[in-house]
Amino acid sequence: MSFLKKIGIVIAQVGALALGIGPLVSPLFGSKGDKVGGDIATVANDLTLVAQVVVQIETALQGKTGAEKREAAIRLIGPIIRTSQIVSGKKIADAALLETGIGQITDGVVAVLNSIHEDSVKKEIEVKT
């Protein structure tokens, strides 16, 4: 069982609030930019929001197909990317390419989370509780 699958099951059983995971809609706002903290902190924050969405989708859509989970995650991750400093305020020349990139970011974060050993779920829960 992967880290992502296992943490999704644990969150569903214990409850998202007990683990310190915010509501499903909170990542929709993305970051507004961190002028004081710098770009690295902002990117890290956006990446964390993307990972939280992936975990929340895994939790909320247990029993659904991977394709259904992917589409749901993309719908929530898209606004994070669009409001991030990398895209916000810029003219988009190729909307289809942007959508492809958002899908690739989603797939990449899923791959990163799936690469983590399932034993790490216990450590994640201990830190959050």
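Per this entry, residue 31 is not counted among residues that are closer than 17 Å to residue 2 by Cβ and at pLDDT below 85.
Sub-9 Å Cβ pairs linking a first residue in the range 76-99 that is within 22 Å of residue 48 (Cβ to Cβ) to a second residue that is among the β-branched types (Val, Ile, Thr) and surrounded by fewer than 13 Cβ atoms within 10 Å (Cβ to Cβ), at least 6 apart or interchain, are 76/25; 82/92; 98/92, ordered by first then second residue. In this structure, residue 68 does not qualify as within 13 Å of the chain's Cα centre (by Cα) and either under 20 Å from residue 46 (Cβ atoms) or surrounded by fewer than 18 Cβ atoms within 10 Å (Cβ to Cβ) (or both).
Are any of the residues in the range 114-123 at pLDDT 95 or above and in a helix (DSSP H, G or I)? Scanning the range 114-123 turns up no residue that is at pLDDT 95 or above and in a helix (DSSP H, G or I).
Each row is one residue, and each column tells you yes or no for (1) surrounded by 15 or more Cβ atoms within 10 Å (Cβ to Cβ); (2) of a type in the set (Asp, Glu); (3) under 15 Å from residue 6 (Cα atoms).
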residue: 45; (1), (2), (3): yes, no, no
residue: 51; (1), (2), (3): yes, no, yes
residue: 56; (1), (2), (3): yes, no, yes
residue: 62; (1), (2), (3): no, no, yes
residue: 92; (1), (2), (3): no, no, no
residue: 110; (1), (2), (3): yes, no, yes
residue: 115; (1), (2), (3): no, no, yes
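Every condition in (1) surrounded by fewer than 18 Cβ atoms within 10 Å (Cβ to Cβ); (2) farther than 13 Å from residue 8 by Cβ holds for residue 106 except the one numbered (1).
Summed over the range 73-90, the residues that are assigned to a helix (DSSP H, G or I), of a type outside the set (Val, Ile, Thr) and crowded, with 18+ Cβ neighbours inside 10 Å give a count of 3.
The values are calculated or read from the model by the stated rules, or taken from the named source; none is laboratory data. Just so it is clear, the model here is predicted, and its values are computed rather than measured. Neighbour counts are summed over all protein chains in view; Cβ atoms, including those assigned to glycine, are modelled from backbone coordinates with ideal geometry.
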